[in-house]
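Structure, as C-alpha cells:
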Amino acid sequence: MSHSPASGSRKNKLSLVLLSPSTSSSAGLWKADPSALGKQESGTSVYSSSSTTSSSWERERRFHSVKCEPPNSFTCFNGGECVRRELCDCSRFNATGSRCQTVYNTGAERDHICRTWGQYHFETFDGLYYYFSGMSTYVLVRKNELDEQSFSIQVHNDPECQSSPYSCKRSVSLFFSGDEEIKLSSEVTYRGLGVKLPQVIGNVHIQKLAGYILVRHQYAFTLAWDGISAVYIKMTPDYLSKTHGLCGNNNAVLQDDFVTSYGKLTEDIVEFVESWRENPPQGAPKEEDSFNYEPPCLMQSQGSLQKVYALCNTLLWPPFEQCHDYVSPLPFMASCTNDLCMSASDNATWCRALTEYARACAHAGKPLHRWRTHFQQCVITCDEQFTYNECINCCPVSCQQKTQCIDSELPCVDGCYCPDGLIYEDGLCVNPTECPCDYHGSFYKMGSVVHEECNNCTCIGGKWICTNLTCPAECSVSGDIHFMTFDGRKYTFQASCQYILAKSLTSGKFTVSLQNAPCGQNQDGSCIQTINLIINQDPKRQVTLTNSGDVLVYDQYKISLPYTDDSFEIRKLSSVFLQIKTHIGLQILYDREGLRLYLQADGQWKDDTVGLCGTFNGNMQDDFLSPAGVPESTPQLFGNSWKTSSACALEHDNSQVDPCDIHLQAASYAAEACSILTKEPFAPCYSYLSPVSYFEQCRKDTCKCGQICLCSALAHYAHQCRRYGVIIDFRAHVPECALSCEDTKEYSTCMSTCGQTCQALSMPETCSGDCVESCACLPGMYLNTKTEKCIQRNECPCYFQGIDYPPGENIITSLGKCHCRDGIMSCEDNNIVHNCPAGQIYVNCSDPQVNIELSRERTCENQLLNLTISAHLPCVSGCACPQGLVKHGDACFEPDECPCSWKGKEYFPGDKVISSCHTCVCQHGSFQCTFHPCPSMCTAYGDRHYRTFDGLTFDFVGACKVHLVKSTSETSFSVIIENINCFNTGIICRKYIFINVGKSFIIFEDETGNPSPSSYIEKLHIIHVWKAGFFTVVHFPLEHVTILWDQRTTIHIQTGPQWQV
C-alpha cells in the first residue's frame, strides 16, 4: 500500500510552473515543474515536500507497480501513464496508489466538505479524490452509534448511464432512525409523496435555493443537492471522526479514509466502494452487471488524450490560478480528464468540469466571480430579473427571517438569484421594504393591518409594527378543575373549598371568590358551587352566581334577569353564558352546565391583581404569588394559600395519578372522543394555540365525568380559539355535545349579543363586537327575556324607568304623554325650556324631525375604545353635543382634540410623556409613542427555565450545549451553556458556561466561580470580572454586555441597546 503525507502537509502551498509542450509522449502536453511536483527516479514518481526530505519519506511516497496488460496499453487512472509493463507514472496530477487511483486535495481552505458529482467522482471529507464507475446505490455517510440518532445518506447512480455522466439520472436518499425515506431527485418526496418546499420533517429543514435543494439537520449536517448529479455534505464539529461510508471518516487524516463497511483499511477502491453498496430492501442482492473497474481514458488515442489534457490544463491558468493556494486544482484536473474521456470532449461537459473547481473555491471562501466570462461557451443566461452568482449565501436574507443556520452550514452555492440588495420572495426579487409579513401561516402584503387583541399591527418591510396598548386579559376555570391565569399559566388544583380567585392588590376595589365542592359519581372531582363578586368591600355592592342558575345581590336577594344598577349589569348573555359586567372594567362569563368560568379584566388592572388568577403583568413566573408576597412552588401550595375557610382540609398533590388509570372502563372512550381536538375541525386553530395540553385535560376529565366533561373541554378550547378570531363549530362533529335550540332559534358558533333582545331596544347597551356561541333568534326576531321566546319587534314590550310596558301602552309621565311602540317608549315634549351647558344643544325625542343619533352618547372614551353603538338604542331626550363633536366631561370637543388619560392624569393634544424607553405624544385621544432602545436581560435558571430578552418565558429540557445568546452583527458575541449532572444523580447542580466576545473567551466549568485556566483574553481587550455576593460578574464595558452567574444554575445576561434588532 502507498502512504500519503501527514495531514499537516496539506497546508503547504502548491507551486505550479507551466512549461512549453513536451516532446516526451509520456509527459503529456503540459507538464508541471518537476521541482514542484516531484522528481523522477527509474521511472517512478516520488513526492518531494518542502517540509520533509528524508529518504524514508520518499520510500513512503513511491507508487507501486502493476502489470500493463495487454503490453503497452494504458491501465492507470487519473492521468497516470504506464511507463513499462509493471509501472505507472502518477506525476501528472500527483496521484497516489498502485494505479494512481487517488488524488489528494492539498488546499489549505477546503473546509471538510464531502462532494460527489458527475455520477462517478468522489472526494472525502478529508480531501481524497477517487473515481469509481459504479451504477448502484451507495452509502455516502452513515452514523449508527447507539447513543445518538442514527442516519444514513445514500446516493443512487443511474444503472443505465451510457453517455455523459452529467446527463444521467441520479438521486439521493436520507434515512433517519424511526422514520421513512426522504428522497431528493428532481423533486423532494417523503413517504412516497411529493413535498412542498420549504418543509420541516422532524429535525430536518428542507428548502430550495437557486437550483439547489438544501437539507439542514438541526444537529448533524448540511447537504446541498444540485438536482442533477452533485451532492455536497458538511458535518457539524460534533461529528469529527464519527462518520463512515464513501465520504470517509472525517478525522482530518488522509491515510485511513478507505475503511470498508466491515472495518478493513484498504487501498483497493473496488473493495472499498462495493462494501458500501446498498442492496434493494426486497429480493436477492443485486450484482453489478459485468462490472469492470477500468480507467475511462483507457481506449483514447495519444492524440485525443493530449487534447483532453490541454482542455483540463485550463484550471492552471487565470482566472483559476488565484484559488490554487486554497484548493488544489489537481483532483479537478483529474476528474475533468475522466469526464472528457467519457463524453467526446464536448463543451457542456468541459464547462461542467470547470464548474466543479469553481464551486470548490466558493466553498473555501474564495469564489471566482465572473470566471465564465472568460469562456463564452460556459456563460449561463438567467431569467429576467435574476443574475448569475458564483456564491449565493446558503443562509440568505429572507422576508420571513426564519432560516436556521447551523454550525455545519455550507458557505454558498452557485446559480441564478436576485441581484445584491434584493430579496427572493415567492419567485420574485423584491426590495426589503416590500416584504410581506407572516401572520400565523398567512402572508400579508406591505401596509396590511391585522388586529392582535386590542392592538393594531401594520406590515412594514416584512415585520409587524404594532401599537403597544395594554389589552384586557382573561382568567379561566374549567373542567375538573383547571385554571389558566391572566398571564396564561396553566395548572390543575383540585380545589374543594372557598378561595380568592382574584382581587385588587393595591386598592381593594374588588374581590372575586370561588366556592367549590366535591362532585362526581365517586365524589372524586370538584365543581363550582358559587362565584361571588364584591366591589369596595361593600355588602350592598356584591353579586353571587350559583350552579343552580340563581343570581343573588347583597348576598341574599334573588333577582330576575336582566338586572342593572350603578355597579352591575347582569344578563343571560346567550343560551350558554350568564354575564356580569361592572363599571370598573371586570366581566364574568359563567357556563354553569358546561363547567366553565371566565373572568375578564381590563388593562387598568395590569400589575394590580393577585389570587388564583395570578398577577396580570405578562410574567407567568410570578403567578404563584401567595398572600404573603412570595411565590409558591406548586399548585397545591399556591392554591391552599388563597383558601378563605379554615374548615376545609388542605388539598394534597394528586396530579401524578392519571384518572384514566383509575377509571379503566372509560380510558379508551376518553382517548377516542378527545382525539377530535387533534383532527380537522380544530385544525385552523393550531397555528395560534397548540391542542396538546387541551387534549390531556379533556382525556383526564372525560375519564372522570364522561360526556359533560368532554363537551366542557372541547368548548373551552373552542372559546380560547375564538379569542384569536378562529371560529370552531365542533358541536356539528360531536353529536353528544350539540345544543338543542327551540323552533324560533338557531345555533350559531359566534353570535353577537348586541341588539338581540327587546330590552336592548329601550335600554342603552355597550357593544364591543364580541360574540359567543348561542341558540339565538332568527334574523328580524328579538328575544323577550321574560318568556325566553323570540318575537317580532312590534310585539316587544318597552322597558321604561324600571317598568315593563306592553306594546301599544300609553302613559303620562313628567316628560309628557308616552307611547310604547316597536319596543321603544316615545314621549311628547311639553315645551319645557331646557338649559344646556355652553356648546351643547337639547335633543327632544318627541320631535319627529329630531336626529336620533344626537341622543346616543358619543364621548371621547367611546371613540378611543372604538365601540360600535347599537342602532336600536332608544332616543333619550337631553343635552348633547352637536353633530361631529364628542363629549368629555361637560364639554364638547372635536374628535382630534380629545385629551389622553394615563395613570389617572389627563394630557391634552401635544402634551408629552417621556421616560428612558419611550417618548409619547398625545394625539387624537391616544398616545403615539416612539420607543428608544433600552438595556434588556435574558435569564436561564434551574435545569429548564428560560426568559428571553423580550420577556417570553418557556421551559426546555436538554442535555446538550445550547446557545443562550448568539450575535448576528459584525461583533462576535455568544454565550453557550450546558447543564451539569452532578455525581450522576440526575440532579442539575450547576451550568458550564462559555462566553465569547470578539476574540476573547471566558470559561466557567466548576463551582468556584473563577474562570477556567483555558480561558483566553485578547490583548488590550477590556474585561472586568469580580464576585458580588453569591454572583460572579463578567462585564465587557466597550461591548455593553454584562453576565451574572450565581455559580449554580442561574445566569443573567444584560445587553445594551445597540444589541437590539
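At what distance in angstrom do the alpha carbon centres of the range 289-344 and the range 226-254 lie from each other?
Using only Cα atoms to place each centre, the spacing works out to 24 Å.
When DSSP beta bridges are limited to those with both residues in the range 706-807, what percentage is antiparallel, rounded to the nearest 5?
Details: 13 of 14 bridges.
Bridges in the range 706-807 are about 95 percent antiparallel.
Given that compact globular proteins tend to follow 2.2 N^0.38 Å, what is the ratio of the alpha-carbon Rg of the range 458-553 to that value?
1.44
Viscosity 0.692 mPa s, temperature 37 °C: Stokes-Einstein D of the range 120-190 from its Kirkwood Cα radius, in µm² per second?
The diffusion coefficient I find is 240 µm²/s.
Using the structure shown, select from Lys966/Lys991; Lys961/Lys999; Lys606/Lys643; Lys490/Lys905 the pairs with a Cα to Cα distance greater than 25 angstrom.
In this structure, Lys490/Lys905 exceed 25 Å between Cα atoms.
Mind giving me the nanometre distance, one decimal, between the label points for Asn431 and Cys989, set 7 Å out from Cα along Cα→Cβ?
With each label placed 7 Å out from Cα toward Cβ, I get 6.1 nm.
If you average 1/r across every pair of different Cα atoms in the range 473-641 and take the reciprocal, what Kirkwood value do you get, in Å?
16.1 Å
Can you put Phe956, Phe1031, Phe93, Phe1001 in order, fewest other beta carbons within 10 Å first? Provide the component values of the computation, followed by the final result.
Details: Phe956 10, Phe1031 16, Phe93 26, Phe1001 19.
Listed from fewest to most nearby Cβ atoms, that is Phe956, Phe1031, Phe1001, Phe93.
For every other residue with a beta carbon closer than 15 angstrom to the beta carbon of Ile662, add +1 if it is Lys or Arg and -1 if Asp or Glu, then tell me the sum.
It works out to a net charge of -2.
If you rank Tyr694, Tyr1016, Tyr232, Tyr293 by fewest surrounding Cβ atoms within 10 Å, what's the result? List each step's numbers first, then the result.
Numbers: Tyr694 26, Tyr1016 12, Tyr232 23, Tyr293 17.
Exposure proxy ranking, most exposed first: Tyr1016, Tyr293, Tyr232, Tyr694.
Between their Cα atoms, which of Lys572/Lys887; Lys700/Lys745; Lys143/Lys264; Lys445/Lys679; Lys234/Lys366 are more than 22 Å away from each other? Walk me through the numbers on the way to the answer.
Working: Lys572/Lys887 31 Å; Lys700/Lys745 34 Å; Lys143/Lys264 17 Å; Lys445/Lys679 30 Å; Lys234/Lys366 17 Å.
From Lys572/Lys887; Lys700/Lys745; Lys143/Lys264; Lys445/Lys679; Lys234/Lys366, over 22 Å: Lys572/Lys887; Lys700/Lys745; Lys445/Lys679.
Where Rh denotes the Kirkwood radius from the mean inverse Cα pair distance, what is Rg over Rh for the range 659-737?
Working: Rg = 12.0 Å, Rh = 12.4 Å.
Looking at the range 659-737, the ratio lands at 0.97.
Can you put Ile1017, Ile570 in order, fewest other beta carbons within 10 Å first? Write down the numbers at each step before the final one.
On the way: Ile1017 15, Ile570 21.
Neighbour counts put them in this order, fewest first: Ile1017, Ile570.
Show log10 I(q)/I(0) for the range 936-1059 at q = 0.11, 0.13, 0.23 Å⁻¹, two decimals, from a solvent-free Debye sum over equal Cα scatterers.
-0.35, -0.50, -1.57
Between the range 957-996 and the range 160-185, what is the C-alpha centre distance in whole Å?
38 Å
Which whole number of Å³ per residue matches the convex hull of the alpha-carbon atoms in the range 538-601?
That works out to 82 Å³ per residue.
Once each part is reduced to its C-alpha centroid, what is the distance from the range 435-482 to the range 901-940 in angstrom?
Cα centroid to Cα centroid, the span is 20 Å.
Read the figures in this text as sums done on the coordinates, not as results from a lab. All of these numbers come straight from a predicted model, not from anything done at the bench. With ideal geometry, Cβ positions are generated from the backbone for all residues, glycine too; neighbour counts draw on all protein chains shown.
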